[in-house]
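Right, one structure below, let's go through it.
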Amino acid sequence: MSKTPDAGDSPDSKALSRRRFLRGAGGVAAGGVLAQGLIGCAEAPARATAQEPPEPAAPAGGETLEGELEIELSINGQARKLRCEPRTTLLSALRHRCEPALTGTKEVCDRGNCGACTVHVDGKPALACLLLAVDQRGKQITTIEGLGSPEKLSALQQSFWTHDGQMCGFCTPGFVMSIQACLDKQPKASLEEIKRSCSGNICRCGTYPAVFEAALAVARGGK
Amino acid sequence: MANLQQPGKKKIKVTKNVDGHPVEEEIEVDDTGGPSWGPRAAHTLLNTELPRVDGPVKVTGRAVYSQDVRLPGMLYARVLVSPFPVATVELDLDAARKSPGVGAVIDLEVKGVKWLGQPVAAVAADTPERADDALRALAPKWKPGKWAVTREQALAANAPQVGRKGNLGKESSKGERAETEAAMQGAAAVVEAVYSVPVQHHVCLETHGVTVDFSGGDSAKVYASTQATFSIPGDAARELGLKASAVEGIVQYMGGGFGSKFGLGFEGQLACQLSKQAGKPVHLLLTRPVEFTSGGNRSGVHVSMKGAIRADGTLVALVSEAERFGGIGEAARHPQPYIYEFEKSFASSVSVLTHTDSSRAMRAPGHPQASFAMESLIDELCAKAGLDPLEVRKKNLKHEAYQRQLTRVAQEIGWNAHPNKTAPGKPEGRWCTGIGFGVSVWGGGGHPECEVEVRIERDGSVSSAVGSQDLGTGVRTYVASIVAEELGLPLGGVEARIGSSRLGQANGSGGSTTTGSLAPAVKSAAWNARTKFAEHLAQALGSDPAQIRFAAGSVEDQKSGRKLSFAQACAMLPQEGLTAKGEWVAELAGNGIQGAQAAKVRVDPLTGKVEVLKLVCVQNCGLPINRLTLRSQIAGGMVQALSYGLLEERVIDPDLGLALNANLEDYKVAGPLEIGEIVALIDDEDTREQAIGVAEATVIPGHSAIANAVFNACGARVRDMPLTPDKVLAALGRV
């Protein structure tokens with residue numbers, strides 16, 4: 001079933017408002033292609049601009065999704081069923097719709113400026129606040145909870161801890177995820193590569209020097 | 001005059017923190033023996049590098065912040081704030097109430113908005129998205145009025161009135177102006193200049209907010225992102241209609257405060273009111289744009305300085321007139337002459353009020369602004385008189401710590417081999433390198449407010465508990481490490497329990513007073529626990545308490561030579577184990593720290609771009625409680641100063657009244673690519689066996705050193721922070 005134009009829109013109207021364009025493009029372009037392009041373009045999910053609040057998604061078939069949906073996402077290797085709306089971002093789904101909630105992925109700016117919500121989608125770093133949850137069906141999502149546990153830290157997490165790459169700790173999961181994605185691709189990454197990999201992440205306590213040391217130690221130790 | 005002191009008492013000066021602002025007062029304390037920190041070489045855990053005990057939960061995303069609390073039936077709240085500095089508003093409350101999933105709507109019944117970002121209503125719904133819908137359903141009809149949001153607007157002849165008595169606060173001044181001006185006669189150089197620092201933001205990554213666990217009934221828990229656990233229960237109880245004793249304030253993890261998070265705040269009050277109305281738990285963390293307009297700011301300053309220097313480098317006289325910008329409230333004070341000693345000085349200061357949110361304490365309130373003006377002026381005087389800015393600093397700083405600290409940072413930054421000592425470099429080629437300096441000071445100190453409880457159980461487990469909060473400074477770690485060292489245990493042998501108003505009381509974390517107040521109380525509790533334990537064991541073993549030694553996980557009775565494991569010793573305790581309490585001990589806290597910083601930058605005279613190549617800090621602090629977290633805190637102050645110096649400024653359109661950069665896209669803070677080499681050094685020549693906090697001092701001089709380095713590189717004197725490329729080019733006369 002395809003979506004009809006809004007009541008009141010004349011069929012011959014070619015004047016496309018910005019909102020209508022986004023609505024039409026919403027699920028496919030803005031929510032999918034752009035975001036994929038964004039995460040695919042570099043190791044770093046660069047700070048980017050979110051436009052209007054996400055509109056209902058239209059998957060490949062052109063079907064319109066509305067209201068509360070039940071979807072299944074693959075998160076940290078587990079199939080998780082959850083209810084959400086077409087507009088629900090992956091960040092909101094993780095934090096507010098998963099049961100139990102996955103709150104390690106932090107909400108700081110909710111518009112792609114800070115890197116605190118960095119997750120991996122099919123192995124690439126992505127900003128969960130710029131993705132729609134419904135678009136992630138069939139993809140492998142890894143959150144900070146999927147890397148290691150307090151009892152069994154990953155090598156990078158262990159290094160963050162021993163180098164004191166965290167103070168208040170609020171930005172830390174995002175930094176770990178950004179840099180982990182870099183190290184997955186470049187196990188012997190240089191300082192410059194490490195800096196670039198997390199260039200979209202912000203830390204206000206100013207832990208950058210220790211974060212770089214932590215990452216370099218892993219890169220030099222070959223994991 | 002008769003000595004009015006009681007025997008065994010003495011009077012000492014302490015620093016009390018009032019919402020992040022230090023207030024000095026004199027108190028009477030017992031003059032007795034008791035625990036001491038030293039000697040420094042004997043420490044097994046303190047003064048070493050200890051990874052923080054909450055590191056594993058932080059790096060794995062398992063630490064639960066107020067933002068992460070999830071409760072059955074919980075509603076998510078949003079606050080509607082005014083986009084205009086002055087306005088009236090009409091709201092469609094019915095539409096909001098009928099919006100899907102809404103559980104509560106509050107109209108603050110604001111008759112007239114008086115500041116940009118002032119809250120006017122709040123809603124709570126079952127999902128964050130539906131709360132956004134409800135906020136939109138309010139469909140506010142704003143009628144903008146007339147406002148003053150800039151200095152020029154506030155000081156204009158027919159300016160809209162901000163405060164009840166006009167647009168100026170109470171003016172203060174010290175010194176004789178005419179006498180000071182006269183003293184400038186015959187000086188080698190006189191410089192007159194205006195320096196300004198804009199209003200900037202704290203940018204805590206976790207926004208202000210709380211999650212209220214209340215569903216009716218007679219008790220509540222309030223999870224708050226706050227710097228003061230004990231500021232929560234009383235205020236929350238008032239909103240909820242409960243007794244303060246029925247409300248627990250919980251601050252297990254919090255995502256940054258920097259001075260902006262004291263008390264329940266409007267966000268906490270609204271969350272409680274929404275929760276009470278809905279009969280459900282409410283989660284209210286401000287959205288980022290609201291955090292910018294309504295969650296606090298660091299006050300700005302516009303200061304006219306006139307200073308004079310003799311040919312021998314003596315600072316002769318200073319006239320300083322400051323206007324401070326703290327929104328509708330009084331801005332942080334502007335202390336001049338800042339740190340350096342002038343023979344004569346006159347300093348006046350007044351707040352200029354605007355229709356924006358009141359400034360809040362921000363790490364060393366007022367000091368970074370004063371540092372920028374003073375350190376810049378000194379380098380301008382040096383350049384005009386042809387003097388070496390490092391030597392002039394040493395000459396006019398009396399405290400011995402600065403002498404060694406400046407020598408060390410100069411060495412670390414490469415000043416000795418640097419060519420531009422008495423005159424700046426020329427703006428030629430692509431990258432010009434320059435070096436600049438700055439110094440800092442802070443009181444810190446402690447206050448008798450904390451009560452710590454140490455428990456030793458029969459099974460050998462030990463806990464150290466106090467209600468204090470950890471802002472990321474490492475409090476939780478030293479609450480454990482101080483006790484562990486006293487009992488001869490590894491760090492993991494003691495569990496730290498903090499962040500609850502159900503535990504022993506503690507002061508709010510502001511003005512670098514946490515460590516000075518809390519660490520002595522922890523030490524005292526640990527000492528009391530060890531003493532009690534030793535007494536018990538001596539009795540059981542037929543020994544003398546003074547012969548019982550705790551070291552390396554063992555307990556030794558030196559009288560008999562008998563050695564027990566710590567667990568074996570604990571098994572000798574009665575069933576109820578052992579409890580010991582500790583309060584503040586004056587001798588264990590210190591007051592007064594100094595630091596010096598140096599910056600090396602490179603400036604592109606073609607584009608005006610500034611890159612910080614290296615920042616060095618040498619900071620004293622009495623006893624380094626934990627060298628690892630201490631270095632992090634020093635580096636953190638340096639990084640924040642770099643960010644403030646190069647990037648940060650709140651922008652409000654004066655005509656439209658709109659906040660133009662209330663988001664992290666347009667309000668830029670330093671990220672990984674802006675960070676050069678950061679060298680944070682602990683000044684170990686300060687051998688005081690005293691605990692002192694370092695949060696404030698480290699953030700004071702970094703941007704000043706950077707501004708001086710930019711000038712030193714190519715002669716671009718930027719007197720208006722931040723040092724953006726356009727200002728560098730303007731200073732070079734190229735735009």
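Some notes on this structure:
- Only strands (runs of 3 or more DSSP E) whose full extent lies in segment B:556-657 are considered here, and the ones with at least 2 residues that are within 14 Å of chain A (Cβ to nearest Cβ) and within 22 Å of B:Ala670 (Cβ to Cβ) are B:610-619.
- Residue identified as in a helix (DSSP H, G or I), modelled with pLDDT of 95 or more and acidic (Asp, Glu) among B:Glu267, B:Glu248: B:Glu267
- Residues located in segment B:684-730, provided they are outside any helix (DSSP H, G or I) and under 22 Å from the mean Cα position of the chain (by Cα): B:Gln690, B:Ala691, B:Ile692, B:Gly693, B:Val694, B:Ala695, B:Glu696, B:Ile700, B:Pro701, B:Met721, B:Pro722
- The conditions of being within 11 Å of chain A (Cβ to nearest Cβ) and in contact with a Phe, Trp or Tyr (Cβ under 7 Å, 6 or more places away or on another chain) are not met by B:Val679.
- Looking across segment A:196-214, the residues that are within 7 Å of chain B (Cβ to nearest Cβ) and more than 10 Å from A:Ser178 (Cα to Cα) come down to A:Ile202, A:Arg204, A:Cys205, A:Gly206, A:Thr207, A:Tyr208, A:Pro209, A:Ala210.
- Number of residues in segment B:658-674 that are farther than 17 Å from A:Glu213 by Cα and either touching a helix residue (DSSP H, G or I) at 6+ places or on another chain (Cβ under 9 Å) or at the interface with chain A (Cβ under 7 Å from one of its Cβ atoms) (or both) equals 10.
- Test for B:Gly434: is it within 14 Å of another protein chain (Cβ to nearest Cβ) and not hydrophobic (A, V, I, L, M, F, W, C): no
- Residue count for segment B:111-127, restricted to those that are over 20 Å from B:Ala662 (Cα atoms) and crowded, with 21+ Cβ neighbours inside 10 Å: 3
- Pick from segment B:173-213, criterion of a type in the set (Val, Ile, Thr) and over 30 Å from B:Ala122 (Cβ atoms), ranking: surrounded by the most Cβ atoms within 10 Å (Cβ to Cβ): B:Val197
- Note on segment A:183-218: residues that are buried (at least 24 other Cβ atoms within 10 Å of the Cβ) and part of a helix (DSSP H, G or I) total 9.
- Single condition A:Thr88 does not satisfy, out of (1) in contact with a Gly (Cβ under 9 Å, 6 or more places away or on another chain); (2) over 24 Å from A:Cys198 (Cβ atoms); (3) hydroxyl-bearing (Ser, Thr, Tyr); (4) at the interface with chain B (Cβ under 10 Å from one of its Cβ atoms): (1)
- Any hit, segment B:467-479, residues being in contact with a His (Cβ under 8 Å, 6 or more places away or on another chain), in contact (Cβ under 8 Å) with a residue 24 or more places away in the chain, surrounded by 24 or more Cβ atoms within 10 Å (Cβ to Cβ) and of a type in the set (Val, Ile, Thr): no
- Residue in segment B:83-100 that is buried (at least 24 other Cβ atoms within 10 Å of the Cβ), farther than 29 Å from A:Asp164 by Cβ and within 13 Å of another protein chain (Cβ to nearest Cβ) present: no
- Residue in segment B:176-183 that is touching a helix residue (DSSP H, G or I) at 6+ places or on another chain (Cβ under 6 Å) and β-branched (Val, Ile, Thr) present: no
- The numbered conditions (1) within 14 Å of another protein chain (Cβ to nearest Cβ); (2) farther than 22 Å from A:His96 by Cβ; (3) of a type outside the set (Lys, Arg) are all true for B:Gln67 except (2).
- Residue tally, condition buried (at least 19 other Cβ atoms within 10 Å of the Cβ) and without any contact (Cβ under 8 Å) to a residue 12 or more places away in the chain, over segment B:652-694: 2
- Residue within segment B:426-439 that is in a helix (DSSP H, G or I), in contact (Cβ under 8 Å) with a residue 60 or more places away in the chain and crowded, with 22+ Cβ neighbours inside 10 Å present: no
- Meeting the requirement of 3 or more residues that are in contact with a strand residue (DSSP E or B) (Cβ under 7 Å, 6 or more places away or on another chain) and touching a residue at least 60 places away in the same chain (Cβ under 8 Å), the helices (runs of 4 or more DSSP H) wholly within segment B:75-163 are B:151-155.
The values are calculated or read from the model by the stated rules, or taken from the named source; none is laboratory data. Since the structure is predicted, the reported quantities are computational estimates derived from the model, not experimental observations. Cβ atoms come from the backbone with ideal geometry, glycine included; neighbour counts cover every protein chain shown.
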